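> Okay, handing you the structure first.
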Amino acid sequence: MSDTVLPVLINQVPHTLTPGATLADAVALAGVQPPFAAAVNLQFVPRSQYAQHVLNAHDQIELIAPITGG
Amino acid sequence: MTTHTPHADPLTLYGETFHSRLLLGTSRYPSPSVLLQAIERSQPAMLTASLRRQTGSGGEASQSFWNLLRQAKVPVLPNTAGCHSVQEAITTAEMAREVFETDWIKLELIGDDYTLQPDTLHLPEAASRLIQAGFKVLPYTTDDLVLCQRLVDVGCQAVMPWAAPIGTGKGPINPHALRTLRERLDVPMIVDAGLGLPSHACQVMEWGYDAVLLNTAVALAQDPVRMAGAFADAVNAGRAAFCAGAMQAQDSAQPSTPVLGTPFWHQA
């Protein structure tokens with residue numbers, strides 16, 4: 001894999017970002033609408049830290065939103 | 001006349017009071033409109049909700065549900081449905097806290113996908129870590145007395161034993177266990193899962209349970225709005241009966257009409 005791209009999984013779908021990309025970039029790429037929350041590699045990342053959270057190759061990003069539940 | 005819990009007898013959980021003893025799930029209704037009417041009819045203390053990956057058209061459904069929650073103006077109880085590990089449950093709870101802006105969490109930690117039985121071995125650890133993180137944890141659990149005691153030991157101020165597996169509608173399948181649990185533990189207890197009829201809800205409330213949490217029994221009724229009202233009435237009836245104190249059952253007949261002065265009576 002070339003180091004000119006950063007492969008990640010967003011909600012288990014493969015995507016590529018540029019090296020140095022942050023969680024904020026991944027959120028923008030996914031195009032999710034608020035409200036939602038994010039986790040990287042099963043660790044919660046607060047909304048206030050998206051722009052500081054630098055991603056690594058093969059990070060697994062989860063973006064989840066409200067849904068009905070019992 | 002009101003179907004709401006009298007203000008003199010509120011449900012108290014983690015120091016907060018609720019003027020209803022019915023918690024209502026939001027899933028599987030025929031339409032959002034029917035869900036909203038069921039909420040209005042039953043006036044629940046809390047509404048359960050969940051979190052799932054947002055994809056394509058799912059984004060619109062999520063937005064619609066979010067708007068419905070805001071319109072309902074009922075406190076939200078997020079759940080960790082579908083989590084199979086302690087870390088999954090904790091991360092989901094943290095995400096729910098940010099999205100729903102609440103410390104309440106219905107802790108679901110599934111140990112068996114077929115029965116949706118809680119992971120009884122790891123539930124106390126998950127509850128303990130969430131409580132340490134500042135959550136108000138309502139754990140979905142089996143009716144096992146020792147497990148529920150362990151949940152209280154780690155700081156749960158309420159527990160939610162099942163009546164039967166989720167979505168079965170069977171009603172209390174082990175009345176002895178539920179009644180023993182009620183007698184042994186002093187914390188508020190909410191029967192969560194497995195209720196199918198208002199009489200089931202009334203029964204567990206008569207036993208002294210503090211509240212019930214329902215979803216499928218209302219959502220899959222032919223008339224969910226009417227059934228929501230029936231459950232609300234049953235919960236209130238059961239609570240009133242518990243507070244009133246039931247008579248002791250007798251083995252032999254006891255005439256309720258005075259015998260003295262019975263007409264046409266004569267000594268044999």
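The values are calculated or read from the model by the stated rules, or taken from the named source; none is laboratory data. The structure displayed is predicted, hence computed values, not measured ones. Backbone-built Cβ (ideal geometry, glycine too); neighbour counts: all protein chains shown.
> Does B:Arg41 satisfy the condition of being modelled with pLDDT of 95 or more, over 20 Å from B:Ile105 (Cβ atoms) and in a loop (DSSP other than H, G, I, E, B)?
Details: modelled with pLDDT of 95 or more: yes; over 20 Å from B:Ile105 (Cβ atoms): yes; in a loop (DSSP other than H, G, I, E, B): no.
No, not satisfied.
> Can you find a residue in the range B:153-161 that is among the aliphatic types (A, V, I, L, M), in a loop (DSSP other than H, G, I, E, B), modelled with pLDDT of 95 or more and exposed (fewer than 15 other Cβ atoms within 10 Å of the Cβ)?
No, the range B:153-161 has no match at all.
> Please work out which residue is farthest from the chain's Cα centre (by Cα), limiting yourself to the range B:125-142 and to residues that are surrounded by fewer than 24 Cβ atoms within 10 Å (Cβ to Cβ) and under 23 Å from B:Leu23 (Cα atoms). Walk me through it before giving the result.
Initially, the range B:125-142 is screened for residues surrounded by fewer than 24 Cβ atoms within 10 Å (Cβ to Cβ), giving B:125, B:128-129, B:131-136, B:142.
Adding the requirement that they be under 23 Å from B:Leu23 (Cα atoms) leaves B:131, B:134-136, B:142.
On the way: B:Ile131: 20, B:Gly134: 22, B:Phe135: 18, B:Lys136: 15, B:Thr142: 13 Å.
Only one residue tops the list, namely B:Gly134.
> Report, ordered by the first and then the second residue, all pairs with beta carbons closer than 7 Å, sequence separation of six or more or different chains, a first member in the range B:115-134 that is assigned to a helix (DSSP H, G or I), and a second member that is among the basic types (Lys, Arg) and surrounded by 15 or more Cβ atoms within 10 Å (Cβ to Cβ).
Short answer, once both residue conditions are applied: B:Pro124/B:Arg150.
> While we're looking at this one, here's another question. Looking for something farther than 18 Å from B:Ala228 by Cα, within 11 Å of chain A (Cβ to nearest Cβ), surrounded by fewer than 18 Cβ atoms within 10 Å (Cβ to Cβ) and free of Cβ contacts under 8 Å to residues at least 40 places away in the same chain - is there at least one such residue anywhere in the range B:22-33?
Our first condition is that a residue be farther than 18 Å from B:Ala228 by Cα; within the range B:22-33, this holds for none.
Among the residues of the range B:22-33, not one is farther than 18 Å from B:Ala228 by Cα, within 11 Å of chain A (Cβ to nearest Cβ), surrounded by fewer than 18 Cβ atoms within 10 Å (Cβ to Cβ) and free of Cβ contacts under 8 Å to residues at least 40 places away in the same chain, which makes the answer no.
> If you take the residues of the range A:1-22 that are facing chain B (nearest Cβ under 9 Å) and outside any strand (DSSP E or B), which of them is surrounded by the fewest Cβ atoms within 10 Å (Cβ to Cβ)?
A:Gln12
Let's see how each residue does on (1) surrounded by 23 or more Cβ atoms within 10 Å (Cβ to Cβ); (2) away from chain A (no Cβ under 13 Å); (3) closer than 21 Å to A:Asn11 by Cα:
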site: B:Asp9; (1), (2), (3): no, yes, no
site: B:Ser62; (1), (2), (3): yes, no, yes
site: B:Phe65; (1), (2), (3): no, no, yes
site: B:Val86; (1), (2), (3): no, no, yes
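> Next question, about the same structure. Can you tell me which residue in the range A:23-33 is surrounded by the fewest Cβ atoms within 10 Å (Cβ to Cβ), limited to those that are touching a residue at least 24 places away in the same chain (Cβ under 8 Å) and assigned to a loop (DSSP other than H, G, I, E, B)?
A:Gln33
> Across the range A:34-70, which residue is farthest from the other protein chains (Cβ to nearest Cβ) among those that are outside any loop (DSSP other than H, G, I, E, B) and of a type in the set (Gly, Ala, Ser)? So that I can check it myself, show each step before the final result.
Applying the first criterion (outside any loop (DSSP other than H, G, I, E, B)) to the range A:34-70 yields A:37-40, A:43-45, A:47-49, A:54, A:60-68.
Restricting the remaining residues to those that are of a type in the set (Gly, Ala, Ser) gives A:37-39, A:48, A:65.
Values: A:Ala37: 4, A:Ala38: 7, A:Ala39: 5, A:Ser48: 10, A:Ala65: 4 Å.
Among those residues, the one meeting the criterion is A:Ser48.
Yes/no per residue for (1) out of contact with any Gly (no Cβ under 8 Å at 6 or more places or on another chain); (2) within 22 Å of B:Asp210 (Cβ to Cβ); (3) not acidic (Asp, Glu):
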residue	(1), (2), (3)
B:Asp9	yes, yes, no
B:Arg41	no, yes, yes
B:Met46	yes, yes, yes
B:Arg52	no, no, yes
B:Val76	yes, yes, yes
B:Val86	yes, no, yes
B:Ile90	yes, no, yes
B:Thr115	yes, no, yes
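> Can you tell me how many residues within the range A:38-70 are more than 23 Å from B:Lys106 (Cα to Cα), crowded, with 16+ Cβ neighbours inside 10 Å and in contact (Cβ under 8 Å) with a residue 40 or more places away in the chain?
Matching residues across the range A:38-70 total 3.
> Oh, and also: For the range B:58-112, which residues satisfy the criterion of being over 20 Å from B:Leu151 (Cα atoms) and basic (Lys, Arg)?
B:Arg70, B:Lys73, B:Arg97
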